[in-house]
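Have a look at the structure below before the remarks.
Values in this text are rule-based calculations from the coordinates and carry no lab data. Just so we're clear, the structure is a prediction, and the values are computed from it rather than from any experiment. Here the Cβ positions follow ideal geometry from the backbone for every residue, glycine too, while neighbour counts run over all protein chains shown.
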Amino acid sequence: MAYKVALDAFGSDRAPHIEIEGAVKVCEENDDIEIFLVGDKKILGDALLEHKKCRGKKIYLVHAPQRVTMHDKPSMALRKKPQSSIAIGLQLVANGQADAFVSAGNTGAVMAYSLKILGRLEGVQRPGIAALVPTLGGGFTIIIDVGANIQTKPEHLLQYALMGKIFMEFVLNVRDPRVGLLSIGEEASKGNQLIKDSRILLEKNPNINFIGHVEGNHVLEGIADVIITDGFTGNVVLKFGEGAINVFIKLIKEEVKKSILATIAGLFLKPVFKRLKQRLNYEEYGGAPLLGVDGVVIIGHGRSTSLAIKNAILTAVRYIERDVNSHIKEELSLAET
């Protein structure tokens, strides 16, 4: 069986070369994956000429004359760019021609087009974006939502918990994942009304391994496998974490250069720093699934490299293999009974 992935070839900041390189890497290493590169065929065709190793690979071009930029408002893109690479790529999924869609483009636009073209999974009130972050001990935590919804209700957070649980169980093989609610304190009395009301729902649900509140300083410690929050807070936490990691790596480099002894020590520790950078590098995780839409959608970082694109495609394939959406629908139907 071949897995068919539609890739927005004009999503990333350095498109389309990054997307093409990522697609080539996937096809070189996997015989069972076909990729539809969606975008301006003329530009893509010319760019592919630089990649002679693409010849004979399962990479196909699908024409889309319009491109959504990072500056486009999602509502305007929906109205004025019906032939964008995002819209055409998602339509391939809706028509059954592709099994999944991957884009490193405008997150809000991908969300808006996905809701219009694919719709929500049965039972889902609000889809959410789940970002994977590394934790102590070599594990991972997903934070959901990290930007899909700013206006959130307790019922939405409950569904995020259920969807996040399914993703961890079936994609990352985490049994009975621990679910935490992001708040300003560990005590049940802490937090705004959304947090207090959401906690009541989470505690009542027997299908959720709810461990209580998780504070911001504990996110990376791995005390929870799934951390739920509203999209505004989640996005701030995610971007703060990305910035803090970059600063941390730069500080290490600065300190190593300050003395001869530090430089010598740095040479011995170079393999350690390399492994640390790899663990903290978002490229290794590829992209974030948009949980709750009626299809498989993976959203990558605008600054994605070819490695990140490759891993986003592989994440999409794992999502398909494990039939995550069917399990989400089943879990939500159980929650309603």
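Lys196: net charge of surrounding residues, Cβ under 15 Å, Lys/Arg +1, Asp/Glu -1, itself excluded? Show your work: numbers first, answer last.
Working: positive: Lys153, Lys190, Arg199, Lys204; negative: Glu155, Glu186, Glu187, Asp197, Glu203, Asp230.
Net charge in that neighbourhood comes out at -2.
Would you mind counting up the charge near Leu181? Only other residues with Cβ under 15 Å from its Cβ, with Lys and Arg at +1 and Asp and Glu at -1. Working shown, then result.
Numbers: positive: Lys153, Lys165, Arg178, Lys190, Lys196, Arg199, Lys204; negative: Asp145, Glu155, Glu186, Glu187, Asp197, Glu203, Glu215, Asp225, Asp230.
Overall, the nearby charge balance is -2.
Can you give the local net charge around Asn95? Use residues other than it whose beta-carbon is closer than 14 angstrom to its beta-carbon, Lys and Arg +1, Asp and Glu -1. Intermediate results must be reported in sequence, preceding the final value.
Numbers: positive: Lys4; negative: Asp99, Asp294.
Local charge sum for Asn95: -1.
Once the piece of chain linking Asp46 and Met1 is laid out straight, how much longer is it, given 0.36 nm per residue of separation minus the C-alpha distance between them?
Working: separation 45, 0.36 × 45 = 16.20 nm, distance 3.03 nm.
Additional length available on full extension: 13.2 nm.
To the nearest 0.05, how large is the calculated FRET efficiency for Lys204 and Leu136 if R₀ is 41 Å and r is the Cβ-Cβ distance?
That pair, Lys204 with Leu136, gives E of 0.85.
One quarter of the convex hull surface, Cα atoms only: what value does that give for the stretch 125-286 in nm²?
On the way: hull surface 41.4 nm².
Mean projected area of the Cα convex hull: 10.4 nm².
Run the numbers for Ile150 and Gln193: contour at 0.36 nm per residue of separation, minus the present Cα-Cα distance, in nm.
Numbers: separation 43, 0.36 × 43 = 15.48 nm, distance 1.51 nm.
Extending this stretch completely gives an extra 14.0 nm.
At 222 nm, what helix-only mean residue ellipticity would the chain give, in deg cm²/dmol to the nearest 500, using -39500 (n - 2.57) for each DSSP H run of four or more?
Values: 12 runs with 153 residues, N = 337.
Dividing the helical sum by the residues of the chain leaves -14500 deg cm²/dmol.
Normalising by the residue count of the chain, find the relative contact order in percent from Cα pairs under 8 Å and 6+ residues apart. The partial results should precede the final answer.
Details: 675 pairs, mean separation 74.8, N = 337.
Averaging sequence separation for qualifying contacts and normalising by length gives 22 percent for the chain.
Any chance you could run the full-extension gain for Lys257 through His17? It's 0.36 nm times the residue separation minus the Cα-Cα distance, nm to one decimal. Before the final figure, lay out each step's value.
On the way: separation 240, 0.36 × 240 = 86.40 nm, distance 3.48 nm.
Length gained between Lys257 and His17: 82.9 nm.
For the pairs Lys116/Lys190; Lys190/Lys239; Lys4/Lys239, flag any whose C-alpha to C-alpha distance is greater than 28 Å.
Details: Lys116/Lys190 37 Å; Lys190/Lys239 24 Å; Lys4/Lys239 31 Å.
Beyond 28 Å: Lys116/Lys190; Lys4/Lys239.
Give me His63, His218 sorted ascending by neighbouring Cβ count inside 10 Å, so fewest comes first. Please report the intermediate quantities before stating the final value.
Values: His63 13, His218 17.
Exposure proxy ranking, most exposed first: His63, His218.
Roughly what would the spin-label model give for Arg120 and Glu215, points 7 Å off Cα along C-beta, in nm?
That separation, rounded to one decimal, is 3.5 nm.
What spacing in nm lies between the two simple spin-label points modelled at Ile264 and His63, each 7 Å away from Cα in the Cβ direction?
6.7
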